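Read the structure below first, then the notes.
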Amino acid sequence: MAKQNSWKDPSVYVKKIHVEESCMALDYTKDILKRADLPYVVIPDRTDPAGIVGEYPENLMAGKHHLLLCKNRGTFFKPCPGTKEYRCCDYQVLNIGMGCPMDCVYCILQAYLNKPWLTYFVNTKDMLNEMSTAFAEEPNRFFRIGTGEFTDSMALDRITCLSPMLVEYIASKKQAILELKTKSAVIDNLKNLNHNGRTVLAWSLNSTQVMNKEEIRTATLDERLQAANQCAQWGYKLAFHFDPIIDHPGWREGYEETIRKLYQSVPAEQIVWISLGALRYLPALKTIGTGRFPQSRIFYQEFIEGLDNKKRYFRPRRVTLYKHIYSLLKQRAAPETCIYFCMESDEIWADVMGYIPENKGGIPVMLDRTVSG
């Protein structure tokens, strides 16, 4: 599906808001409803929004028009669900909501979640208190925190205005860094914040062919890079994620174009890290993805089942993809930029980069030293 209109701000796809009854008393909820200026309905606590026809996942597209404002009654703050079989970066996930108004063919959330609507948690005081408790319990630990595990960090920020709250909270926490990762170009709320260098703005990047065909309702490459450049001018550190790297006709030229534009658009010295990860997916995602996006061909290639039970390209193919992209990045990256693999084996690290993470203290140490000063 080729892009026809700008989706710099994918929150415009939301058409109706559902609010748990107990959340209506919160000033934050009232602020969100005022900013959104959308029809809303109050529903009993712990009930599902009505009016979304069909069964999951066929009703996912319709469900993305609906936003549920509710309380998170579980845990906000927990380790990234990595696997012991592959090298993990020891990320801490801050769960601000579930689901995303964008619609990437390869999105793991399609297989991981089972509700079609978007969910956003409005009990933000509980969220901040939970982080403060975690920091106090481990005062000597350095936390790298991200909100982009179960949703996009910025896609709904025009409506939620969460980023100022998080950025200004983290600004005074010397033992933590916040990464806001997005495929949007929603950055207005970041202007004039006292971020104190504690927030990293990150964008997922790909070849333009993949972005145009497989990343529906997302900002274009140029829109993402323009937003990154603006954030750099506001003094934010930057990060970029080439994940998933997808094998497709013209992939060499496609990733070369993206990397060239990246370094033409933003100052290399403000990029703290860049991650690489080849396409991998739960087996259930193939059935969902091919059913929802029959025009896509990304699942019709040779894959092997990895040690984490996810489908992956064969190791020699991953090495070929990685070596090309890594060499392009190394030619332009600042010496201080940490380029690392997300969920790969020591063998891949050695084949592509010539060392394993333990040689440099491990991935967490490699990343922490770029931002912990």
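The values are calculated or read from the model by the stated rules, or taken from the named source; none is laboratory data. What you see is a predicted model; the values in this text were computed from it and never measured. For neighbour counting, all protein chains shown are included, and Cβ atoms are generated from backbone atoms with ideal geometry for every residue, glycine included.
Side notes on the structure shown:
- Candidates K181, K173 - the one that is of a type in the set (K, R) and in a loop (DSSP other than H, G, I, E, B): K173
- Residue, surrounded by the most Cβ atoms within 10 Å (Cβ to Cβ), within segment 161-175, restricted to residues that are farther than 20 Å from R35 by Cα and polar (S, T, N, Q): Q175
- Single match in R158, R144 (criterion: surrounded by fewer than 23 Cβ atoms within 10 Å (Cβ to Cβ), touching a residue at least 12 places away in the same chain (Cβ under 8 Å), in a helix (DSSP H, G or I) and basic (K, R)): R158
- When the test is whether a residue is modelled with pLDDT of 95 or more, in a loop (DSSP other than H, G, I, E, B), crowded, with 20+ Cβ neighbours inside 10 Å and out of contact with any strand residue (DSSP E or B) (no Cβ under 8 Å at 6 or more places or on another chain), C107 passes it.
- Taken over segment 32-61, the residue count meeting the criterion of being surrounded by fewer than 15 Cβ atoms within 10 Å (Cβ to Cβ), among the small types (G, A, S) and on the phi < 0 side of the Ramachandran plot is 1.
- The residue pairs whose first member lies in segment 322-349 and is assigned to a helix (DSSP H, G or I), whose second member is of a type in the set (K, R), and whose beta carbons are closer than 8 Å, counting only pairs six or more residues apart or on different chains, are H324/R252; D346/R87; E347/R315; I348/R315; I348/R318; W349/R87.
- When Q230 is tested against (1) crowded, with 21+ Cβ neighbours inside 10 Å; (2) not in a loop (DSSP other than H, G, I, E, B), only condition (1) is not met.
- The set of residues in segment 260-313 being over 17 Å from I348 (Cβ atoms), aromatic (F, W, Y) and part of a strand (DSSP E or B) consists of W273, Y281.
- Members of segment 31-56 found to be acidic (D, E) and in a loop (DSSP other than H, G, I, E, B), listed by number: D37, D45, D48, E55
- Residue in segment 176-186 that is modelled with pLDDT of 95 or more, buried (at least 23 other Cβ atoms within 10 Å of the Cβ) and hydroxyl-bearing (S, T, Y) present: yes
- Looking across segment 288-303 at every residue that is hydroxyl-bearing (S, T, Y) and surrounded by 13 or more Cβ atoms within 10 Å (Cβ to Cβ), the one that is nearest to L60 (Cα to Cα) is identified as T290.
- Test: residue in segment 304-325 that is at pLDDT 95 or above, aromatic (F, W, Y) and more than 23 Å from the chain's Cα centre (by Cα): yes
- Within segment 170-198, tally of residues that are on the phi > 0 side of the Ramachandran plot and within 21 Å of the chain's Cα centre (by Cα): 1
- Segment 187-208 - residue that is under 30 Å from G289 (Cα atoms) and touching a Phe, Trp or Tyr at 6+ places or on another chain (Cβ under 8 Å) and, of those, surrounded by the fewest Cβ atoms within 10 Å (Cβ to Cβ): S204
- A residue that is touching an Asp or Glu at 6+ places or on another chain (Cβ under 7 Å) and within 30 Å of R369 (Cβ to Cβ) can be found somewhere in segment 303-315.
- Only residues that are touching a Lys or Arg at 6+ places or on another chain (Cβ under 8 Å) and of a type in the set (S, T, Y) were counted in segment 327-373, giving 1.
- In segment 8-30, residue farthest from T119 (Cα to Cα) [restricted to those that are assigned to a loop (DSSP other than H, G, I, E, B) and in contact with a strand residue (DSSP E or B) (Cβ under 8 Å, 6 or more places away or on another chain)]: K15
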